[in-house]
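This report refers to the structure that appears directly beneath it.
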Amino acid sequence: MSTNATMVTEFILQGFSKLKESQIFLYPLFLLIYVITIGGNVSVIITYTLSPNLHTPMYFFLANFSFLEIFYVTSTIPNILSNLLSNRRAISFYGCAVQMYCVLLLGGTECYMLAAMAFDRYNAICRPLLYTIIMNRTACIKHIIGSWFIGAINAIIHTSLAFSLSFCRSNQINHFFCDVPPLLELSCQDTWVNEWTIFSVAGCVIIGSSILTLFSYIQIISTVLQVHSSSGRKKAFSTCTSHLIVVTIFYGSAIFMYFRPKSGHGMTYDSFVSLMYTVIAPLLNPFIYTLRNKEVKSAITKILLKKKQDIDY
């Protein structure tokens, strides 16, 4: 790290500082979102664990996805809550690096976990006779490990490049967490390497996984349209629609945030766009996958009834 970089020992997260009149409402709102998100995703994991009939590849991925979402919101919301109660909204230099790494790790992992979930649905609907062979336990575990590996490599590359820069313009980040694009705005060095890396490495992670996901769903839709039974088409589309909602919110906002020219960053609406993939998507996940899924609702009902019987006994 260059000598100039040591001039900055902490960063100020501007976040929602311009919404001073609304901050009294933002704190309980974010706290409620955090509690609901954690509770909802924990419920999905518990339901999967206690329900043998849900021990299939689809719900295995969903349980791992919920586990990921818990850490994803935890990497940003507690810091948002702290800053809403503080006038300084400061984060240390190394604390910023750790937060950036965690957000990029979890975001990159989520990209390929969504792709793995789409691949699972593709095999279940388009190749049902080979499904149990292709999506066996070992294959599912490899998909999960591979997703975390890609996320880790993505995070290491971007974080190390970002924090090798010198920051001498300002220490005020126009965002609610330490992210790459707003941090590059503070550097007094040429950031073309970082920008090229975003378009190449992040492109492989975000665009690559979104193409794999899109391809899976194109094949699924094509297969479903050939089903003669209207009830069969409805059931298949219902299963995939929930996944597509999460995918659209996550990929759409992430692509908008990372694949714009540098001049397009630093705007106040960047924070609201980032909220979509760091906060809103994890919040919606347990509701979309459970309230629209009869098997999960049935499993939850059985668990609650069994718990009530144990208490009565």
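The values are calculated or read from the model by the stated rules, or taken from the named source; none is laboratory data. Quick caveat: nothing in here was measured; it's all calculated off a predicted structure. Using ideal geometry, Cβ is built from the backbone for each residue, glycine included, and neighbour counts are taken over all protein chains shown. With ligands, DNA and RNA removed, areas are computed over all heavy atoms of the protein, side chains included. Shrake-Rupley method; radii C 1.70, N 1.55, O 1.52, S 1.80 Å.
Give the residues of the stretch 51-78 that are among the polar types (S, T, N, Q), out of contact with any Lys or Arg (no Cβ under 8 Å at 6 or more places or on another chain) and either open to solvent by less than 40 Å² (accessible area, probe 1.4 Å) or within 22 Å of ARG121 (Cβ to Cβ) (or both), sorted by residue number.
Scanning the stretch 51-78 gives ASN53, THR56, ASN64, SER66, SER75, THR76.
Using the structure shown, decide if SER82 is of a type in the set (S, T, N, Q), surrounded by fewer than 19 Cβ atoms within 10 Å (Cβ to Cβ) and assigned to a helix (DSSP H, G or I).
yes
What's the number of the condition ARG88 fails, among (1) out of contact with any helix residue (DSSP H, G or I) (no Cβ under 7 Å at 6 or more places or on another chain); (2) in a helix (DSSP H, G or I)?
(2)
Looking at the structure I just gave you, is PHE11 at pLDDT 85 or above, within 30 Å of SER164 (Cβ to Cβ), crowded, with 16+ Cβ neighbours inside 10 Å and of a type in the set (Phe, Trp, Tyr)?
yes
Hey, any hits in the stretch 69-81 for a residue that's of a type in the set (Asp, Glu) and at pLDDT 90 or above?
yes
If we scan the stretch 111-125, do we find a residue that is within 27 Å of ILE218 (Cβ to Cβ), open to solvent by 60 Å² or more (accessible area, probe 1.4 Å), in contact with a helix residue (DSSP H, G or I) (Cβ under 8 Å, 6 or more places away or on another chain) and not in a helix (DSSP H, G or I)?
No, every residue in the stretch 111-125 fails to be within 27 Å of ILE218 (Cβ to Cβ), open to solvent by 60 Å² or more (accessible area, probe 1.4 Å), in contact with a helix residue (DSSP H, G or I) (Cβ under 8 Å, 6 or more places away or on another chain) and not in a helix (DSSP H, G or I).
Mind checking which residues of the stretch 137-171 are at pLDDT below 90 and surrounded by 15 or more Cβ atoms within 10 Å (Cβ to Cβ)?
Within the stretch 137-171, LEU165, SER166, PHE167, CYS168, ASN171 meet the criteria.
Restrict the check to the stretch 105-112 and report whether at least one residue is under 16 Å from ALA202 (Cα atoms), free of Cβ contacts under 8 Å to residues at least 60 places away in the same chain and among the aromatic types (Phe, Trp, Tyr).
no
Considering (1) in contact with a Phe, Trp or Tyr (Cβ under 6 Å, 6 or more places away or on another chain); (2) open to solvent by less than 10 Å² (accessible area, probe 1.4 Å), say which one TYR48 fails and leave the rest.
Only one criterion in (1) in contact with a Phe, Trp or Tyr (Cβ under 6 Å, 6 or more places away or on another chain); (2) open to solvent by less than 10 Å² (accessible area, probe 1.4 Å) is unmet by TYR48, namely (2).
Answer yes if at least one residue in the stretch 86-97 is open to solvent by 20 Å² or more (accessible area, probe 1.4 Å) and of a type in the set (D, E, K, R), and no otherwise.
So far as the stretch 86-97 goes, yes, one or more of its residues are open to solvent by 20 Å² or more (accessible area, probe 1.4 Å) and of a type in the set (D, E, K, R).
Taking the stretch 14-37, which residues are open to solvent by 40 Å² or more (accessible area, probe 1.4 Å) and of a type in the set (A, V, I, L, M)?
Within the stretch 14-37, LEU19, ILE24, LEU29, LEU31, LEU32, VAL35, ILE36 qualify.
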